[in-house]
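The values are calculated or read from the model by the stated rules, or taken from the named source; none is laboratory data. Since the model is a prediction, treat every value here as computed from it, not as a measurement. Backbone-built Cβ (ideal geometry, glycine too); neighbour counts: all protein chains shown.
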Amino acid sequence: MTAVARLRRWLAGDGAFKILVAAIFLFLGLPVIVAFLIAVNPRPTIGMPTGFSLRWFAEVLRESSWLAAYANSLLTALVAALAALVSGTLFAYASVRYRFRGRGLFAAIATSPLGMPRIIIGVALLIFFNPVGLSGTFTGLIIGFVVITTPYIVRTVGAVLDVYDPAIEEAALTLGADEIQTFFRVTLPMIAPGLISAAILAFVYAFGNLQVAIFLTGPETVTIPVLMFSVLEFEGDPTVAAVACINILIVTAVILVANRLVGAKNLLRL
Amino acid sequence: MSATIRLHSLRKEFDGVVAVDAIELTVEPGLLYALLGPSGCGKTTTLRMIAGLETPTAGAIWIGEADCTHVPPYARDLGLVFQNYALFPHMDVATNVAFGLRMRRLPEDEITKRVAEVLALVQLAGFERRRPKQLSGGQQQRVALARALVTRPRALLLDEPLSNLDKNLRDEMRTQVRDIQNRLGITAILVTHDQEEALAIADRVVVMNKGRIEQIGRGEDVYRRPATLFVARFVGTANVFKGNLSGDGHLVAGTLRLPVKAADRAGERAALVVRPADAALRPAGAGALTGVVEGHVYQGALRRYTVRLADGSPFVVDVPDQGTVPAPGSTVAVTYDPARCHVLRGVAADG
Amino acid sequence: MAERALASAVQGDEPTRRVVAWFAPRRWLVPVLLVLPIAAVLMLAYVIPVAIMAGLGFFATDPTGKVLPTLTLAHFVKFFGDSWYFFVLVRSLRIAFFVTVLTVVLGYVVAYFLAFYRSRLIELYLVLVVAPILIGNVVRAYGWRFLMGESGIVNGLLTRLGVIDRPIPFLYTEHGIVIADSSVLLPIVIMILLGVLSRIDATYIEAAKSLGAGRWRAFWHVTLPLSLPGVAAACVVCFTLALGTFETAVFIGGKRVQMIAPLVYEQIGVVFNWPFGAAMSLVILAISIGGIALNDRLMRERAR
């Protein structure tokens, strides 16, 4: 069969479909690629990249406002992810292993931030925190992040717990471990990969969040997305692209580390 | 070391549904008891209550000399083998087996010694470092057994441990389990729905139905002298005929006059249980019962014939696979030795 | 004697035993305590604030923007009555609709591929789908801005290739927003649909094939109908997210194509007219909840 005939055969079969899929993937990833290209472009304008340069990255690292924003973002996202992890895991565990009234209702409330237009949470929290003096503070910001990351934690940990046979914990009980010992020696180690991936997901989500942060940050607590947003609203500074690039690298690194620790399959129980 | 287990008026309700209805049972130390019954009869619930994983709605559980009804499972000193083995997936075999010993804070060298000992007992010596997912079903089962036994518990509880294995492996494993139980002399309670298994390895069979105990006895007693029609039908196959005793050695069941070994009590309601293996096919006219051969099922060592009697009721007869084979549609006589066939009297006859 | 030592080891000495024993007569307390942290956070930082926000929309403001203790529907009247605000709402709904259609169609294609085409690279593909979510909407909206400008990459490429004479306007247009937003929401929709499609029992499809259905008909008569409830759920999620689209709206739409979420931000964060902003938020929230409830009702009807 000639090459052309083979190509035609492939196209008529799965080929056309696969090309379509590839095109959609490209559509997905395009803006990310672009941000990368802009960041390494030595020319300070919007347009096709002319070369390769790291000058914008250097500028970012020199600007104290960016560095402060990085520190804020990392700190708040980390604390929020851990807080959401602990409270969400306890809830998921109680949900799966115990029967109590309101279990379904709580679960619905806990996962509802996912189904809500994200701006609502920011607005509501600002209105509520302002009179109590929490707006513009780290605490307020962290609490806001906990609210939006909790659904991911609850869903991920709940899914992981569902997979495991409750008989495993019963076995531990019959072997002499009480409920607390069973939880720490058997349950937690078993779901650890799920917990790690949930925490990473929560961290990354909080890190990149704009719609809640924009209402809850003050001059002292500015986060990276908020800073990018305010800079970009007025200028087309490629420094921002460099920041975007750094974010991409951070997230990629996190994904790789997580993959090494727990495997990609575990990571993707979204 | 091996304890007596006593159940007094043990009752369990789930949301108003009675799963176990006031059962009484004494499990003698060192013996293997089989809780046998169909799904939903309450046997697993009973076992779980003994283990402490379910709290009884009413009644008491005595293990040894103490009332353990409200003692938590981790303080009962029992070993439990689960149907799906429930091995800890994140630990290797040795750590799995050693878990109970670690909970009891035994010194490390003692733990290593005992783990090696018990693994040798279940013929898994050298498997210490393997992970559960690397093991076959039978091997996982043996690890589960080892894990339950290593702490030298007062009794061993097994919840349908063999039902996930294929037939040949099951037969092999049940012999192994029985051997180990015998050797250790440990009290054991085995839950199963497989009556062949129960008859094969248990010292006592406890037949349960709808939350109640229908009969407790040796396998042979349960088979030969079932206390209720449910037991007669559940344990092995049974030809059951219900009617009234004639007083002269027959049971009148509709139009049939069946020879029985009971010669007294005319008029009493009774039921005759004839096991297929205790019946035989003869040329027509040679016996009191006549019927037409409907067909047979070939089972290797024997053929199981269904004969339609004059009044329409079926009669199952097991015929060894030798000699001539009665053709379907032919008329035959069915005979049996009344002395070997059990008669249920009175209320039991209406099961 | 060995028995006694065993009993004490199993029973008394562990510190955890004392805690567990304390809880034994109060078993109901355990789930309560486990749920307490999350309940506290959700109540105090979610349910109550949203309720307050919903209520704030009913409070009047004086001309300086100060909140007055009188209840009024003035903000809602203003929102629906003023042609500008109403126009923005309708536009946002319209854009959200088109985004949903585009995203769900494209997402279904990819999800189908991921669910039914066995590949060694499946993990890589999944990472490629999920990574953009993790990278953040600001970065992605920013990337689209560069792509879409008059001298942006897309136009530059198309002009170079001679496909067009003049640059196609994407920036500051509704269709530009639809395209960019679709790209942003695709990963989430793909993951939802992937979950749905991978749960369809492959044996149904095999049964259809054994009965003579070709690939297309098996899809049309078996896979598609079975996946519809999931598709509906994905549509609801996508619509809700698209309605609240912010970063894309700001970067691609700017002031020329105003959308509702940036408008809310402006009222709350710039003009400080909180009751009005809250009223607008309540409307958006009501629409979203309405969409979810509608989907629920439709699903239950289908199930019958």
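State all residues of the range B:290-309 that are surrounded by 13 or more Cβ atoms within 10 Å (Cβ to Cβ) and of a type in the set (A, V, I, L, M); if no residue qualifies, say none. Once the filter is applied, which keeps residues that are surrounded by 13 or more Cβ atoms within 10 Å (Cβ to Cβ) and of a type in the set (A, V, I, L, M), the range B:290-309 yields B:Val292, B:Val293, B:Leu302, B:Val307, B:Leu309.
When restricted to residues that are among the aliphatic types (A, V, I, L, M), modelled with pLDDT under 95 and buried (at least 19 other Cβ atoms within 10 Å of the Cβ), the range B:120-144 contains 3. The residue that is farthest from the chain's Cα centre (by Cα), counting only those in the range B:127-171 that are in a helix (DSSP H, G or I) and within 16 Å of B:His193 (Cα to Cα), is B:Lys167.
Among the residues of the range B:329-351, those that are under 15 Å from B:Ala262 (Cα atoms) and in a helix (DSSP H, G or I) comprise B:Pro338, B:Ala339, B:Arg340, B:Gly346, B:Ala349. Taking the range B:95-113 as the range and being surrounded by fewer than 19 Cβ atoms within 10 Å (Cβ to Cβ) and either among the acidic types (Asp, Glu) or under 33 Å from the mean Cα position of the chain (by Cα) (or both) as the test, the residues that pass are B:Thr95, B:Glu108, B:Asp109, B:Glu110.
The set of residues from the range B:281-303 being closer than 16 Å to B:Gly323 by Cβ and not in a loop (DSSP other than H, G, I, E, B) comprises B:Leu281, B:Arg282, B:Pro283, B:Val293, B:His296, B:Tyr298, B:Leu302, B:Arg303.
For the range B:58-76, the set of residues classified as within 8 Å of chain A (Cβ to nearest Cβ) and part of a loop (DSSP other than H, G, I, E, B) consists of B:Pro72, B:Arg76, listed by residue number. Put simply, of A:Gly176, A:Gly140, A:Gly158, A:Gly144 the only residue that is within 14 Å of chain B (Cβ to nearest Cβ) and crowded, with 22+ Cβ neighbours inside 10 Å is A:Gly176. For the range B:172-254, the strands (runs of 3 or more DSSP E) that sit wholly inside it and include 1 or more residues that are outside the structural domain of B:Ala19 (by TED's automatic domain parsing) and not aromatic (Phe, Trp, Tyr) are B:239-245, B:250-253.
Every condition in (1) closer than 26 Å to C:Thr245 by Cβ; (2) small (Gly, Ala, Ser); (3) facing another protein chain (nearest Cβ under 9 Å) is met by A:Ala202 except one, and the failing one is (3). Only one entry of C:Ile200, C:Ile188 meets the criterion of being in the same structural domain as C:Val109 (by TED's automatic domain parsing), closer than 30 Å to A:Tyr205 by Cβ and not in a helix (DSSP H, G or I), and that entry is C:Ile200.
Is it true that some residue in the range B:46-67 is within 13 Å of B:Leu7 (Cβ to Cβ), in contact with a strand residue (DSSP E or B) (Cβ under 7 Å, 6 or more places away or on another chain), surrounded by fewer than 17 Cβ atoms within 10 Å (Cβ to Cβ) and without any contact (Cβ under 8 Å) to a residue 40 or more places away in the chain? Yes - at least one qualifying residue is present in the range B:46-67. The one condition from (1) free of Cβ contacts under 8 Å to residues at least 24 places away in the same chain; (2) on the phi > 0 side of the Ramachandran plot that B:Arg152 does not meet is (1). Only one residue in C:Val99, C:Val105 is within 14 Å of another protein chain (Cβ to nearest Cβ), closer than 30 Å to A:Gly29 by Cα and surrounded by 14 or more Cβ atoms within 10 Å (Cβ to Cβ). Which one? The unique qualifying residue is C:Val99. Every test in (1) within 28 Å of B:Leu36 (Cβ to Cβ); (2) surrounded by 15 or more Cβ atoms within 10 Å (Cβ to Cβ) is passed by B:Gly287 save one, and that test is (1).
Would you confirm whether or not the range B:315-331 contains a residue that is within 16 Å of B:Asn239 (Cα to Cα) and surrounded by fewer than 18 Cβ atoms within 10 Å (Cβ to Cβ)? Scanning the range B:315-331 turns up no residue that is within 16 Å of B:Asn239 (Cα to Cα) and surrounded by fewer than 18 Cβ atoms within 10 Å (Cβ to Cβ).
C:Phe251 meets all of the listed conditions (1) modelled with pLDDT of 90 or more; (2) facing another protein chain (nearest Cβ under 9 Å) but one, namely (1). With a requirement of 2 or more residues that are modelled with pLDDT under 90 and away from chain A (no Cβ under 12 Å), the helices (runs of 4 or more DSSP H) lying completely within the range C:1-82 that satisfy it span C:2-11, C:74-81.
Could you tell me whether A:Leu126 is touching a residue at least 40 places away in the same chain (Cβ under 8 Å) and within 16 Å of the chain's Cα centre (by Cα)? Answer is no for this residue. Taking the numbered list (1) of a type in the set (Val, Ile, Thr); (2) in contact with a Lys or Arg (Cβ under 9 Å, 6 or more places away or on another chain); (3) not in a loop (DSSP other than H, G, I, E, B) in turn, B:Thr55 passes all entries but (3). Only one entry in A:Ala253, A:Ala199, A:Ala192 is among the hydrophobic types (A, V, I, L, M, F, W, C) and surrounded by 23 or more Cβ atoms within 10 Å (Cβ to Cβ), namely A:Ala199. Scan the range C:14-40 residue by residue and report those that are surrounded by 18 or more Cβ atoms within 10 Å (Cβ to Cβ) and basic (Lys, Arg). The answer is C:Arg17, and nothing else.
Specify the residue that is nearest to the other protein chains (Cβ to nearest Cβ); the eligible residues are those in the range A:218-228 that are within 17 Å of A:Asn247 (Cβ to Cβ) and not in a helix (DSSP H, G or I). Residue satisfying both the conditions and the ranking: A:Thr223.
Any residue in the range A:130-137 that is assigned to a helix (DSSP H, G or I) and either at pLDDT 85 or above or of a type outside the set (Ser, Thr, Tyr) (or both)? No: zero hits.
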